[in-house]
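Structure first, commentary second.
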Amino acid sequence: TGSLQRRFMPSKIAVRRSKIHGNGVFAAQAIKKGEFIIQYKGLLRSHAEVDAAYDDEEETGHTFLFTLNDDFVIDANIKGNSARWINHSCSPNCDSEHVDAEDGNPAHDRIEIKALRNIKAGEELSYNYGIRLAGRHTAKQKKIWRCLCGSAKCTGTMLQPKR
């Protein structure tokens, strides 16, 4: 039943224009706390492949890259699904969960988006992107990665605090 649920869940969501940024994903029906919503999909690439493909591009604060593990990145620019349109929020209603592959192969790991709380029909889905950059967070980087979530708890940036 788990695979059936995963196949049919996207009927509970719809992609449309967002007040946060560009496109967004919205609950078409009520979603219960803890419920699986969608798997983040795209082309599985090594970190080196992603660096080679995108290093020449200027950072825009818009990304469809999701770090899967130490070996792989999911590139939703290629073969991506609706999950790529879920926006960042400092007060998210969803969470991205890393699921280790049962066979132990890191290429078979996956990212699942699940509800952190009950979500009403019509509500925009969001999760904290958890972006961590090497080096110091400059004013330029904070501007590039600025957050527009509108939450009362908004930090103004998608960049996570340095530990």
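For the reader, a short list of remarks on this structure follows.
- Cleavage-rule hits (trypsin sites (Lys or Arg not before Pro)) in region 41-137: DSSP loop, at most 14 neighbouring Cβ within 10 angstrom: K79, R117, K120, R132, R136
- Cβ-Cβ FRET estimate between Y54 and K140, R0 fixed at 22 Å, reported to 0.05: 0.75
- Calculated FRET efficiency, Q160 to A28, Cβ-Cβ distance, R0 = 22 Å: about 0.15 to the nearest 0.05.
- Spatial offset of region 116-132 relative to region 54-110 amounts to 15 Å, using the alpha carbon center of each.
- Evaluating 6.51 cos²θ - 1.76 cosθ + 1.60 at θ = phi - 60° for every residue in region 106-114, the Karplus couplings come out as x, 6, 9, 4, 8, 10, 10, 9, 10 Hz, glycine and proline recorded as x.
- Each residue of region 146-154 was assigned a 3J(HN,Hα) from its phi angle through the Karplus curve 6.51 cos²θ - 1.76 cosθ + 1.60 (θ = phi - 60°); the sequence is 5, 9, 10, 5, x, 5, 4, 9, 4 Hz, with glycine and proline shown as x.
- Computed lengthening from A101 to H62, 0.36 nm per intervening residue step minus Cα-Cα distance: 11.2 nm
- For region 94-105, 3J(HN,Hα) per residue [Karplus equation, 6.51 cos²θ - 1.76 cosθ + 1.60, θ = phi - 60°, Hz, x = Gly/Pro]: 10, 9, 9, 10, 7, 10, 5, 5, 5, 7, x, 7
- The longest part of the chain holding none of the exposed loop GluC sites (Glu not before Pro), meaning those outside H, G, I, E and B in DSSP with at most 10 other Cβ atoms within 10 Å, is 103-163.
- Protein-only accessible surface order, largest first, of L148, L43, L68 at 1.4 Å: L148, L43, L68
- Seen from a random direction on average, the alpha-carbon convex hull of region 30-91 projects onto 5.5 square nanometres.
- For region 102-163, a simple Cβ point-charge model (Lys and Arg +1, Asp and Glu -1, everything else neutral) yields a dipole of about 680 debye relative to the Cα centre.
- Close amide H partners of Y129, meaning residues 5 or more places away or on another chain with modelled amide H under 5 Å apart, are S89.
- With every protein chain in place and a 1.4 angstrom probe, the accessible-area ranking of S89, S46, largest first, reads S46, S89.
- Whether the chain is rounded, prolate or oblate, judged on the alpha carbon gyration tensor where a/c under 1.5 counts as rounded: oblate
- Stretchable slack from S151 to L116, in nm (0.36 nm times residue separation minus alpha-carbon distance): 11.0 nm
- When the surface is traced with a 1.4 Å probe over the full set of protein chains, T138 keeps roughly 50 Å² accessible.
- Of K19/K153; K120/K140; K19/K140; K41/K120; K33/K140, those spanning more than 26 Å from alpha-carbon to alpha-carbon: K120/K140; K33/K140
- For region 70-163: rounded, prolate or oblate by the Cα gyration tensor [a/c cutoff 1.5]: oblate
- Translational D in µm²/s for region 55-124 (Stokes-Einstein at 20 °C, 1.002 mPa s, Kirkwood Rh from C-alpha pairs): 152
The values are calculated or read from the model by the stated rules, or taken from the named source; none is laboratory data. Nothing here was measured: the structure is a model prediction, and the numbers come from that model. Please note: Cβ atoms are built from the backbone with ideal geometry, for glycine as well, and neighbour counts cover all protein chains shown. Accessible surface is based on the protein model in full, side chains and every heavy atom, while ligands, DNA and RNA are left aside. Shrake-Rupley method; radii C 1.70, N 1.55, O 1.52, S 1.80 Å.
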